[in-house]
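The values are calculated or read from the model by the stated rules, or taken from the named source; none is laboratory data. Remember, it's a predicted structure, so these values are computed and weren't measured experimentally. In this analysis, Cβ positions are derived from the backbone assuming ideal geometry, glycine residues included, and neighbour counts consider all displayed protein chains. To get the accessible areas, we keep the full protein, side chains included, count just its heavy atoms, and leave off ligands, DNA and RNA. Shrake-Rupley method; radii C 1.70, N 1.55, O 1.52, S 1.80 Å.
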Amino acid sequence: MSSPFVYEEPVAAVDLVDREAELAALRDRAGDARNSRLEGPRRYGKTSLLRAALAETAADGAITVEVNFLGCVTATDAADRIERAYSAQLDGALRRWFTGVVRTLRPTLSAAPGGVGVRARPEPATPGLLDRLALPRRIHERTGRQCVIAFDEFQELLRIDPALPGTFRSELETHGRAAAYVFSGSHPGLMRELFADRRHAFFAQAAPVDLGPLPPDALAEFIAGRFAAGRRDPGEALGPLLDAAEGHPQRAMLLAHHLYSRTRRDHPADAETWLVAHDAARREAAGELEVLWAASTTLERRVLKVVAHHTVALQGREAAERFGLAKSGSTGVALERLVRDGVLVADAAARSGYRVLDPFLAAWLRADDGTSR
């Protein structure tokens, strides 16, 4: 029997752990035509929760569409991504209607000189983009049904053009009860900037739904249940697994996968099995940790080292002597960047006031005396 623990991609609704309250909040807000934004670190299951919410609102009678803007580099890309999402996800009579309607929309591409090939319209591709953003309003006028639209990796708009979110809002704010929107993204800093900074068009336009770490009791119940379904028992490895995962959803599933794969049927996992599984999981993740480390400046590395050692303050003698982290304004800049990128999160219980989000990275950083890397 293959491992029941999925960690490489978004999971089905049945595999969500302890997200009932967040799912209910998204469903209720969508039903009231109110916008939401999912807030949480990378790999905390935002896309999985987004899709579960769309499935529930569809069961309630809404027309749902998920648009992912990852990889878009122009406004034209964003418009095309929206069109393709509707084309792929609408069905039945509505899809047949869309097949005709899409041919009446202003194009996002125009003929090249001499009639050979195509060329993108100059940025911003506002007319064609606005036509596609207006689709929920047109669907509501035709069917009387509400749309629930999920915009994933929404922070990419800010990278394309700081003015592009304003183009989106100019159309979305006209939709009233025709549509509810759920926004999500993998860059915590840019998402906060979009929705919490008064300088941006989407300031206060969507209520946050926060995703925190998974509680150990819910995680233990889920893991033990999946083991039991395969006639396996995590045994004495369950406690160390929960400690190593620190509530991180993806890391917990990665560890559970490797433990399950090494546990024989009807033989509870023991300490040795756990050590082998833990080592395999960390080796699988090592490449991405090394990439992050290579992309960090020397100062950022020192900040990471200090924060990983929970009992060390960011400014003080120990930080300076053990990690070479002197008190300076540059330290604050490095800290801000690491928080903005979602590498560090605030933690009042830690002496530094922060913690390393990824427990694998934290353990990797603590693996020596703080000076050899």
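The table below gives the values:
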item: Residues located in the stretch 33-76, provided they are over 30 Å from residue 292 (Cβ atoms), touching a residue at least 60 places away in the same chain (Cβ under 8 Å) and either open to solvent by 50 Å² or more (accessible area, probe 1.4 Å) or assigned to a strand (DSSP E or B) (or both); result: 34, 63, 64, 65
item: Those residues of the stretch 88-106 which are closer than 28 Å to residue 16 by Cβ, assigned to a helix (DSSP H, G or I) and either polar (S, T, N, Q) or in contact with a helix residue (DSSP H, G or I) (Cβ under 6 Å, 6 or more places away or on another chain) (or both), in sequence order; result: 89
item: Close pairs (6 angstrom Cβ cut-off, 6 or more residues apart or separate chains): on the phi > 0 side of the Ramachandran plot in the stretch 342-361, part of a loop (DSSP other than H, G, I, E, B) and at pLDDT below 95 anywhere; result: 342/41; 342/42
item: Out of 273, 311, sole residue that is in contact with a Leu (Cβ under 8 Å, 6 or more places away or on another chain), of a type outside the set (A, V, I, L, M, F, W, C) and over 24 Å from residue 40 (Cβ atoms); result: 273
item: Which listed residue is within 23 Å of residue 248 (Cα to Cα), in contact (Cβ under 8 Å) with a residue 40 or more places away in the chain, assigned to a loop (DSSP other than H, G, I, E, B) and in contact with a helix residue (DSSP H, G or I) (Cβ under 8 Å, 6 or more places away or on another chain), from 312, 306; result: 312
item: Lone qualifier among 185, 114, 166, 212 - being more than 30 Å from residue 60 (Cα to Cα) and either outside any helix (DSSP H, G or I) or at pLDDT below 90 (or both); result: 114
item: Residue list for the stretch 215-234, restricted to those being in a helix (DSSP H, G or I) and open to solvent by 30 Å² or more (accessible area, probe 1.4 Å); result: 216, 217, 221, 224, 225, 226, 228, 229
item: Single condition residue 79 does not satisfy, out of (1) out of contact with any helix residue (DSSP H, G or I) (no Cβ under 7 Å at 6 or more places or on another chain); (2) surrounded by 22 or more Cβ atoms within 10 Å (Cβ to Cβ); result: (1)
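Residues are listed down the side, and each one gets a yes or a no for (1) under 24 Å from residue 11 (Cα atoms); (2) of a type in the set (D, E, K, R); (3) out of contact with any Phe, Trp or Tyr (no Cβ under 7 Å at 6 or more places or on another chain):
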{"site": "265", "(1), (2), (3)": "no, yes, yes"}
{"site": "274", "(1), (2), (3)": "no, no, yes"}
{"site": "280", "(1), (2), (3)": "yes, no, yes"}
{"site": "303", "(1), (2), (3)": "no, no, yes"}
{"site": "306", "(1), (2), (3)": "no, no, no"}
